Amino acid sequence: MFLGAHIGIADGWPEAVAQAREIGCDAMQVFSKSPRSWKGPAIPPETAEAFRQAVARQGLRRVLVHHGYLANLAHPRPDALRQSRAALEDELARAELLGADGLVLHPGAHLGSGPEAGISTVVASLNAAFERVPGKVPVLLENAAGQGTTLGRSFDELARMLRGVRESRRIGICIDTCHLFASGLDFRSPETYAERIDEIAGSIGLGSVRAFHLNDARAPLGSHLDRHANIGSGEIGVDGFAGWLCDPRWAETPGVLETPLDDRGYALYAEDLARLRSLLPGPTPAARPSRRGSSSSNKRSRSERD
């Protein structure tokens, strides 16, 4: 797996790539704008080109863009749905400009209209966006922890969304380990991991899984609480990630951290990456130490990420 982390862009786009590589990332995830705004300032073409060149120069293998928090592609109210769809189109265009390998998206919540109506609205939203924004960056639907009326809490719900999208090449899944655990699906033993793989193969399909968010969970199995923890400090534990990390089927799939940060900044990411890499067979590559543990962009709270 190409391991990495969510990196802030406050210090600049090429600088974000350098920060990722300093802590040993082979992949990275970014927001292309503030996650709490509907539309961000335009990314100048020369800035996007500098970012793409930095990615190539630094040897990053995968880049993900995470969609902002405000959009709800299942919203039952027409005006709110139009605003959410416009946000998706904007985010898709920005991800294309950045040369991203995927745009990670929370499908949304049905807010009382029911799962069937909500899933239908998500599918219609995705089809409309793909028609209006041509390109090749896939939208990667992220599984939900199961709070409230959120959609994507089961592989079945995600599979129904996948089946409804006409451009199959532009849709996939991002599995968040904390969300999966919180939704009630265990994977910490070889037996339970094998059960999850069978479920994935029989629903969304193994080929649809194009990214992972590797997060430990502060809340117990089946809690439906989206509470990320650092690797090894939560209910999943370091060894609970072995199935995903050691499965050769995910050897070229990005797996990025969205774990909490403190005053140590990205040095804490480096520790989490080292714990994950300790599970891999053979020599463990040493992460490069971070020299930016005190910068403002390195102190982003979990709420500013995902």
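The values are calculated or read from the model by the stated rules, or taken from the named source; none is laboratory data. Since the model is a prediction, treat every value here as computed from it, not as a measurement. In this analysis, Cβ positions are derived from the backbone assuming ideal geometry, glycine residues included, and neighbour counts consider all displayed protein chains.
Data overview
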item	result
Residue match in the range 234-243 (condition: surrounded by fewer than 23 Cβ atoms within 10 Å (Cβ to Cβ) and of a type in the set (A, V, I, L, M))	yes
Of residues in the range 27-72 being of a type in the set (D, E, K, R), free of Cβ contacts under 8 Å to residues at least 60 places away in the same chain and over 29 Å from Thr150 (Cβ atoms), the one surrounded by the most Cβ atoms within 10 Å (Cβ to Cβ)	Arg52
Some residue of the range 22-35 being within 22 Å of Met161 (Cβ to Cβ) and out of contact with any Ser or Thr (no Cβ under 6 Å at 6 or more places or on another chain)	yes
Filter result for the condition that a residue is surrounded by fewer than 23 Cβ atoms within 10 Å (Cβ to Cβ) and more than 26 Å from Gly243 (Cα to Cα), over Ala194, Ala201, Ala117, Ala159	Ala117
Those residues of the range 206-220 which are in contact (Cβ under 8 Å) with a residue 24 or more places away in the chain and surrounded by fewer than 16 Cβ atoms within 10 Å (Cβ to Cβ), in sequence order	Leu206
Candidates Gly293, Gly282, Gly255 - the one that is modelled with pLDDT of 95 or more and either small (Gly, Ala, Ser) or within 20 Å of the chain's Cα centre (by Cα) (or both)	Gly255
Failed item in (1) under 26 Å from Leu92 (Cβ atoms); (2) of a type outside the set (Phe, Trp, Tyr); (3) in contact with an Asp or Glu (Cβ under 8 Å, 6 or more places away or on another chain); (4) not in a helix (DSSP H, G or I), with His179 passing the rest	(4)
Cβ-Cβ under 7 Å pairs, at least 6 apart or on other chains, the range 124-148 side over 13 Å from Leu92 (Cα atoms), far side among the hydroxyl-bearing types (Ser, Thr, Tyr) and in a strand (DSSP E or B)	Ala144/Thr150
Qualifying residue in the range 124-141 (condition: surrounded by 21 or more Cβ atoms within 10 Å (Cβ to Cβ), of a type outside the set (Gly, Ala, Ser), over 18 Å from the mean Cα position of the chain (by Cα) and within 30 Å of Ile43 (Cα to Cα))	yes
Search result, residues across the range 173-191 that are surrounded by 19 or more Cβ atoms within 10 Å (Cβ to Cβ) and among the polar types (S, T, N, Q)	Thr177, Ser183
Some residue of the range 103-121 being in a loop (DSSP other than H, G, I, E, B), within 14 Å of the chain's Cα centre (by Cα) and not small (Gly, Ala, Ser)	yes
Options Leu225, Leu221; residue that is in contact with a Phe, Trp or Tyr (Cβ under 8 Å, 6 or more places away or on another chain), among the aliphatic types (A, V, I, L, M), closer than 21 Å to Leu257 by Cα and modelled with pLDDT of 95 or more	Leu221
Number of the exception - Ala27 against (1) of a type in the set (Gly, Ala, Ser); (2) closer than 21 Å to Ile175 by Cα; (3) more than 16 Å from the chain's Cα centre (by Cα)	(3)
Candidates Gly172, Gly146 - the one that is part of a strand (DSSP E or B), modelled with pLDDT of 95 or more and in contact with a Lys or Arg (Cβ under 6 Å, 6 or more places away or on another chain)	Gly172
Lone qualifier among Gly102, Gly112 - being touching a residue at least 24 places away in the same chain (Cβ under 8 Å) and within 28 Å of Leu214 (Cβ to Cβ)	Gly102
